[in-house]
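So the structure is just underneath, and the comments pick up after that.
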Amino acid sequence: MEFNVKKLASDAGVFFSRAMQFTEEKLGQAEKTELDAHFENLLARADCTKNWTEKILRQTEVLLQPNPSARVEEFLYEKLDRKVPSRVTNGELLAQYMTEAANDFGPGTPYGKTLIKVGETQRRLGAAEREFIRSASISFLTPLRNFLEGDWRTISKERRILQNRRLDLDACKARLKKAKAAEAKAAAVPDFQETRPRNYVLSASASALWNDEVEKAEHELRLTQTEFDRQAEVTRLLLEGISSTHVNHLRCLHEFVESQTNYYAQCYQFMLDLQKQLGRFSGTFVGNAESASPSAAASPPVAAATLPAVPTIPVVPTIVGVPNTVAEGVLNPNEVKPPASGTRRARVLYDYEAADSTELALLADEMITVYSLPGMDPDWLIGERGNQKGKVPVTYLELLS
């Protein structure tokens, strides 16, 4: 118990000394040991790394999980060292609603079929999003958290120790300076004509006393200087390790970009597949809608927007050996000729794989000639590329003037 009381008193004295030194430095009444320029640069770079890492970490968490309440829940589970429960993504929830709606509307109806196909694509998008969040958390968020909760805490602890060592060093320098000033004053040669011998003895005794105080202060200064230098070297090594942290974060950033690229590539491919499916069946859906609508039967066929149509060819009886442009209501693009005028150039926006021999396969960014035919679905055009000809979906094209 006696040892603890003495230690408590000693710690209180050290704390009071540091507080006095810190206050006098702030008031400009005490000198401060300055660190070298390289050390100051290391400190500034470490602070910059910590601040930007926190901002990037927080914003990445917002990107992966926009719901703030869900982020708080995940944070609590992480701090409690418990597994975060699986959460349905927005895409998967939308897919569930679309599937249920299709069952109510009738899965055999055009609207129901489309809802089922779109819902399946949304489910795949939700699953891809879940995988992206998982991979990004492992490859990017976890290393950033480990730096802030591990390496940075160690650096901060050693910096606080270095700050205390510096305050102790400056306090010892101040005590030594005061002791030397008092020693010089006590060692001043007394005036023997006006000073009694007794006073001279007291002056000599005071001089010896201050000499001992100076030696004690010099000894404490050497010890504190050694501790300060040792702590400065430890802190310097940790600060120089920030370069390795940057290299590690750079590698994690590459992995994050790779995960994000794969995620968006999957989403793009899923939507392309869905677009092909909807484009392939759009003619069937439109045909069903027209047959169900009385007004649609009386209205003339609608040609593709902004494209002039070829004049209507009168229906003639089928002759053996002579192909007709329209046979049993089905267009055969290989048996038609382009109009003398009214064709347009178009740029292909996406790759398209032909579903059958009546369609023309497309490659992104290539140029083709397109035109419309009477009786065609407005979502389709006839495309020509050299000697190749076939139907192409309008949604895959950018029509040029």
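The values are calculated or read from the model by the stated rules, or taken from the named source; none is laboratory data. None of these values were measured; they are calculated from a predicted model. Every residue, glycine as well, gets a Cβ built from its backbone with ideal geometry; the counts of neighbours run over all protein chains shown. Only protein heavy atoms, including side chains, enter the accessible area calculation; ligands, DNA and RNA are left aside. Shrake-Rupley method; radii C 1.70, N 1.55, O 1.52, S 1.80 Å.
Of all residue pairs spaced 6 or more apart or on separate chains, those with beta-carbon atoms under 6 Å, a first member in the range 47-63 that is touching a residue at least 12 places away in the same chain (Cβ under 8 Å) and closer than 14 Å to GLU149 by Cβ and a second member that is open to solvent by less than 50 Å² (accessible area, probe 1.4 Å) and not charged (D, E, K, R) are LYS50/TRP152; THR53/LEU144; LEU57/LEU144.
Inspect the range 335-351 for any residue being under 15 Å from GLY279 (Cα atoms) and not in a loop (DSSP other than H, G, I, E, B) and give the result as yes or no. Scanning the range 335-351, I find no residue that is under 15 Å from GLY279 (Cα atoms) and not in a loop (DSSP other than H, G, I, E, B), so the answer is no.
When the range 336-383 is filtered for residues that are touching a helix residue (DSSP H, G or I) at 6+ places or on another chain (Cβ under 9 Å) and of a type in the set (D, E, K, R), the ones remaining, listed by number, are ASP351, GLU353, GLU359, ASP377, ASP379. Just so you know, in the range 224-267 the residues that are without any contact (Cβ under 8 Å) to a residue 12 or more places away in the chain and among the hydrophobic types (A, V, I, L, M, F, W, C) include one that is surrounded by the most Cβ atoms within 10 Å (Cβ to Cβ), and it is VAL257.
Residue-wise test of (1) among the acidic types (Asp, Glu); (2) at pLDDT 50 or above.
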residue	(1), (2)
ALA292	no, no
THR306	no, no
ALA327	no, no
GLU335	yes, yes
SER372	no, yes
LEU381	no, yes
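In the range 349-401, of all residues being open to solvent by less than 50 Å² (accessible area, probe 1.4 Å), acidic (Asp, Glu) and more than 39 Å from the chain's Cα centre (by Cα), the one that is farthest from PHE270 (Cα to Cα) corresponds to GLU384.
Taking every residue in the range 102-121 that is at negative phi and pairing it with any residue that is among the polar types (S, T, N, Q) and open to solvent by 40 Å² or more (accessible area, probe 1.4 Å), at least 6 positions away or on another chain, the pairs with Cβ-Cβ distances below 6 Å are PRO110/ASN288; LYS117/GLN277; GLY119/THR99.
Scanning the range 141-162 for residues that are open to solvent by less than 70 Å² (accessible area, probe 1.4 Å) and without any contact (Cβ under 8 Å) to a residue 12 or more places away in the chain, which turns out farthest from LEU57 (Cα to Cα)? Write out each step before concluding.
First pass over the range 141-162, keeping only residues open to solvent by less than 70 Å² (accessible area, probe 1.4 Å): 141-145, 147-148, 150, 152, 154-156, 158-159, 161-162.
Add one more test, that the residue is without any contact (Cβ under 8 Å) to a residue 12 or more places away in the chain, and what stays is 142, 150, 156.
Values: THR142: 9, GLY150: 15, SER156: 19 Å.
Restricting to residues being open to solvent by less than 70 Å² (accessible area, probe 1.4 Å) and without any contact (Cβ under 8 Å) to a residue 12 or more places away in the chain, the top hit is SER156.
Scanning the range 41-95 for residues that are in contact with a Lys or Arg (Cβ under 6 Å, 6 or more places away or on another chain) and of a type in the set (Gly, Ala, Ser) gives a single hit, ALA95.
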